[in-house]
Amino acid sequence: MDTNRFVVEVKKTPKKSDAKTRVANFNEIYADFTPNEASHQASRCAQCGVPFCQHGCPLQNNIPDWLRLTAEGRIEEAYRLSSATSTLPEICGRICPQDRLCEGSCVLEQSGWENVTIGAVERYINDKAFEEGWIEAIAPAVERPQSIGIIGSGPAGIAAADRLRTLGYKVTVYDRHDRAGGLLTYGIPSFKLEKEVVARRTDRLAASGVDFVLNVNIGEDVAFEELREKHDAILIATGVYKARRLSVPGCGSRGVAAALDFLITANKIGFGDTIADFDNGRLNAKGKNVVVIGGGDTAMDCVRTSIRQGARSVTCVYRRDRANMPGSDREVANAEDEGVRFEWLSAPKAVLGDADKVSGLKIQRMRLTTPDAQGRQAVEEIHGAETDLPADLIIEALGFEPENLPVLFNQPGLEVTRWGTIRTLAGEFQSMVPGVFAAGDIVRGASLVVWAVREGQDAAADIHHYLQTEALSAADADVEALALGAAE
Ligand SMILES: Cc1cc2nc3c(=O)[nH]c(=O)nc-3n(C[C@H](O)[C@H](O)[C@H](O)COP(=O)(O)OP(=O)(O)OC[C@H]3O[C@@H](n4cnc5c(N)ncnc54)[C@H](O)[C@@H]3O)c2cc1C
Ligand code: SF4
């Protein structure tokens, strides 16, 4: 294979609908590559001796190998290789912040030739696999008697369910929402990830014998202890949902909404559900001046959803500058193209209006301090520099923390870290309660889908090891009992 193709083949990303067209709907803004585009782009890979892209990928995907197969038109083999390390490859291909992961580590990018479009190729080969019917229901080689209860149907829960069912275990996934998928379904908007793409994965698991029990809040509707009695092992994959809230004067107004309430409502409307707070306008941006506070991916999803709902104006307020935004650069650029205004170096000072209705947000201008010895810059107020922004709806996107699971699950032995995430044994996914495992955001704190997939897969391997060890010790105990019986 010619490994110098990148010299003649320039980087091309998949077609993106223009800003004016895309803000009129909630469809994904990027198209799939055509077969020709996929093989041309994949052929740019230099097949480096040390694949830094693979190190940059939390799943350690065998990227150069499936790029080579794609370049050679061997798409089914490329799919099989890609799905060997990832249970949700077409989803990661769509929503990973590749600039900070695989593509940011690509040697071509580092040497000024521009990265291989790894995420788009990964999406292409796995979408193709669905189209061609290569992805079938899981048919385990052996059926095992043990069952595992998974709390949470987000990417960590889905990834674990996939791996455990493949190993032949009986798997039941519990979720408090009415649809499976966690934040893939109810957090991330469909212009980044269409809901059919998530549903075909959960539908496949259901067709493979995974039991989904929805609309059940573990700890409230069903006691955690009941699940422990029912299953041989439990995986907690509940994510983090306690929203950090504003603490400025006026912040309790009805016109101030939490980001996830707004996004879950928008996603439910997309499914055709009726939501009272959307119909009565509380969680609907139409015709409003919307101000979103925060600088992460959640904030970007809120501003872009508001634009699509027909807001009069949308402004994002963030206390640092653009270079320090935690959100993906690509998403900030997309938001700017779609008409979102950014107030950098600005912090909320007071919500204006009354308890029922907001009229604006007073913001305090900030500046970055000179870097400390480690190069870190803090932010400080510029005294007297304040401005009022008009607002009819203020959305807080300030991040999430774990709920108090030891209390919710009535499990004092379930140890948590000082951040409230579940503490696990060193290098493992088993919690301090034997037989109870944890993975995803509830272990790592608010993070990324690709990390949830990785941890769900690794936790499944730990659960398998635990159950095998348990079975062996039970068998040893039986043999010992028999031997003792014979001796008596
Ligand atoms: C708005 C938003 C946008 C994001 N965008 C991106 C992005 O573009 N790219 C990216 O990589 N990451 C993104 N993320 C982060 C990513 O979504 C999360 O890191 C990932 O979903 C975590 O997966 P998880 O399986 O641990 O938890 P979740 O996806 O949160 O799933 C947890 C599930 O557990 C259920 N649950 C919780 N408690 C209970 C209970 N007591 N009983 C029953 N069920 C329960 C919940 O209903 C939920 O379905 C985004 C996050 C948000 C909030
Ligand atoms: S999973 Fe994410 S980081 Fe890994 S290759 Fe795919 S897009 Fe890149």
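The values are calculated or read from the model by the stated rules, or taken from the named source; none is laboratory data. Bear in mind the structure is a predicted one, so any value in this text is a computation, not a measurement. Neighbour counts run over all protein chains shown; Cβ positions are idealised from the backbone, glycine included. Quick note on the areas: whole protein, heavy atoms, side chains included, nothing else; ligands and nucleic acids left out. Shrake-Rupley method; radii C 1.70, N 1.55, O 1.52, S 1.80 Å.
Rounded to whole numbers, the Karplus 3J(HN,Hα) couplings from phi for region 216-224 are 10, 8, 5, x, 10, 7, 10, 6, 4 Hz, using 6.51 cos²θ - 1.76 cosθ + 1.60 with θ = phi - 60°, and x at Gly and Pro.
In region 292-353, inverting the average of 1/r over every pair of distinct C-alpha atoms gives 11.7 Å as the Kirkwood radius.
Net charge in the neighbourhood of Asp232 (other residues with Cβ under 12 Å of its Cβ; Lys, Arg +1, Asp, Glu -1) is +2.
Solvent-accessible surface of the chain, taken per residue with a 1.4 Å probe and all protein chains present: 44 Å². Whole Å is fine, so just give me how far the alpha carbon centre of region 1-29 lies from that of region 37-112. Computed from Cα coordinates, the inter-centre distance equals 16 Å.
Across region 4-123 the C-alpha pair distances fall into 5 Å bins from zero in the proportions 2, 12, 22, 25, 21, 10, 6, 2, 0, 0 percent. Taking amide H as placed 1.01 Å from N in the peptide plane, the amide H of Arg312 sits under 5 Å from that of Gly287, Lys288, Asn289, Val290, each at least 5 places away or on another chain.
Can you work out the FRET efficiency for the pair Ala19 and Glu428, with r the C-beta to C-beta distance and R0 = 45 Å, to the nearest 0.05?
Computed FRET efficiency for Ala19 and Glu428 comes out at 0.45.
Computed about its Cα centre, the charge dipole of region 176-255 is approximately 600 debye, with only Lys, Arg, Asp and Glu carrying charge at their Cβ. Modelled spin labels at Glu226 and His55, positioned 7 Å past Cα toward Cβ, are 5.0 nm from each other.
Would you mind telling me the share, in percent, of accessible area of the chain contributed by carbon and sulfur at probe 1.4 angstrom? Ligands and nucleic acids excluded, carbon and sulfur give 51 percent. Other residues within the sphere of radius under 13 Å centred on the Cβ of Ala207, judged by their own Cβ, net out at 0 (K and R +1, D and E -1).
Dipole magnitude for region 148-203: about 120 debye, using +1 per Lys or Arg Cβ and -1 per Asp or Glu Cβ, origin at the Cα centre. Please tell me which of these pairs span more than 31 angstrom C-alpha to C-alpha: Lys16/Lys362; Lys12/Lys288; Lys195/Lys357; Lys12/Lys192; Lys20/Lys288; Lys20/Lys268? Checking Cα-Cα distances, Lys16/Lys362; Lys12/Lys288; Lys195/Lys357 exceed 31 Å.
Over the chain, the hull volume per residue, using the convex hull of the C-alpha atoms, is 187 Å³. Annotation: amide H of Glu401 within the under-5 Å range of Tyr241, Lys242, Ala243, Arg244, sequence separation 5 or more or interchain, hydrogens built in the peptide plane. Only one residue of Leu88, Gly255, Gly239 has its Cα farthest out toward the positive end of the dipole of the chain, where Lys and Arg carry +1 and Asp and Glu -1 on Cβ, and that residue is Gly255.
The angle separating the long axis of helix 297-308 from the principal Cα axis of greatest extent in the chain is about 60 degrees. For region 85-217, a simple Cβ point-charge model (Lys and Arg +1, Asp and Glu -1, everything else neutral) yields a dipole of about 480 debye relative to the Cα centre.
If you take all C-alpha pairs in region 241-305, what percent of them are over 16 Å apart? Every Cα pair in region 241-305 considered, those over 16 Å come to 48 percent. Inter-label distance, Ala207 to Asp356: 5.2 nm, where each label sits 7 Å from its Cα along the C-beta direction. For the chain, calculate the relative contact order in percent as a whole number, restricting contacts to Cα pairs under 8 Å that are 6 or more residues apart. In percent, rounded to a whole number, it is 15. The packing ranking of peptides 175-183, 386-394, highest mean first, is 175-183, 386-394, where packing means the average number of other beta carbon atoms within 10 angstrom of each residue. Lys/Arg Cβ at +1, Asp/Glu Cβ at -1, dipole of region 301-427 taken about the Cα centre: which of Ala335, Thr421, Thr370 is farthest positive-ward? Positive-most Cα among the choices belongs to Thr370. Rounded to the nearest 10 degrees, the inclination of helix 75-85 to the longest alpha-carbon principal axis of the chain is 80 degrees.
When 1/r is averaged over all different Cα pairs and the result inverted, which Kirkwood radius in Å belongs to region 67-165? After inverting the pairwise mean of 1/r, the radius is 15.3 Å. Taking amide H positions as modeled 1.01 Å from N, with prolines and chain starts lacking one, the residues under 5 Å from Lys349 and 5 or more places away or on another chain are Lys362, Ile363, Gln364.
Taking θ as phi - 60° and the Karplus parameters 6.51, -1.76 and 1.60, the scalar couplings of region 108-119 work out to 4, 5, 5, 9, x, 9, 6, 5, 6, 7, 4, x Hz in sequence order, x denoting glycine and proline.
Would you work out if region 362-455 is rounded, prolate or oblate? Take a ≥ b ≥ c from the square roots of the eigenvalues of the alpha-carbon gyration tensor; rounded if a/c is under 1.5, else prolate when a/b is larger than b/c, oblate otherwise. Because a/c hits 1.5 or more and a/b exceeds b/c, region 362-455 counts as prolate. Which angle from 0 to 90°, rounded to the nearest 10, does the C-alpha axis of helix 259-270 make with the longest principal axis of the chain? Helix 259-270 sits at roughly 80 degrees to that axis.
Working ranking of peptides 286-297, 345-356 by packing, defined as the average number of other Cβ atoms within 10 Å per residue, highest first, is 286-297, 345-356.
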